[in-house]
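The values are calculated or read from the model by the stated rules, or taken from the named source; none is laboratory data. What you see is a predicted model, and the numbers here were worked out from it, not measured in a lab. All Cβ positions, even for glycine, are placed from backbone atoms using ideal geometry, and neighbour counts span all protein chains on display.
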Amino acid sequence: MELLNALKLLNEKLALLKVKKSIYITGGMALILLKKTTRATQDVDVIAPRIDEQMKGASQEVAKQLGLDKDWLNNAVSLFASNLPDGWIDRAILIHNYSNLDIYSVSIVDLAILKIDAMFSRAGRDYDDLLSMNLSDSEIDQAINQLKNVPHLVNDKKYQESLEEVRNSLKKKD
């Protein structure tokens, strides 16, 4: 997989700079690395920390070397971190521990929260991703209940109703 090679190469670039970094990812690449989907993705969504100049420079070198988009490693998803419950970093799952780059994924429930939230703000694969995650009813409830309490959306009746529709469609039918 091209992006996995990009992450390995990014580790090598960081080793040359003699720095150790950790990133917390979500989105398609997290699903792929957690073996929850086999679909392709074009980028690595870093929810934290902010990509600093050192990391940006190294990732752009990787992009040039492998012919990737210059923003293959990006923080676009970081805007949605505030919708996650406190302690999400503590629940993150270590996926790869390279010599100079640790890669964590947000937890399955936190990933579901972000995927459900994304369904309402863009067209895309998010619902299919949710299905591929094979969430338990408890995980679905945790994700939906968290989103139902997001302060700026708690009084949005249409959003609240839509969340219930998503809950019902994702729950396993016996």
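Some values worked out for this structure:
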| read-out | value |
| --- | --- |
| Search result, residues across the stretch 69-92 that are within 19 Å of L17 (Cβ to Cβ) and either among the aliphatic types (A, V, I, L, M) or surrounded by 17 or more Cβ atoms within 10 Å (Cβ to Cβ) (or both) | W72, L73 |
| Test: residue in the stretch 149-157 that is modelled with pLDDT under 95, over 20 Å from the mean Cα position of the chain (by Cα) and either in a helix (DSSP H, G or I) or under 28 Å from K20 (Cβ atoms) (or both) | yes |
| Residue that is farthest from Y104 (Cα to Cα), among those in the stretch 20-41 that are out of contact with any Ser or Thr (no Cβ under 9 Å at 6 or more places or on another chain) and of a type in the set (G, A, S) | A40 |
| All positions within the stretch 92-125 that are among the basic types (K, R) and part of a loop (DSSP other than H, G, I, E, B) | R122, R125 |
| Criterion (on the phi > 0 side of the Ramachandran plot, surrounded by fewer than 21 Cβ atoms within 10 Å (Cβ to Cβ) and outside the structural domain of S22 (by TED's automatic domain parsing)) met by exactly one of N134, N149 | N134 |
| R39 vs. criteria surrounded by fewer than 22 Cβ atoms within 10 Å (Cβ to Cβ), assigned to a loop (DSSP other than H, G, I, E, B), assigned by TED's automatic domain parsing to the domain that holds A63 and modelled with pLDDT of 95 or more | no |
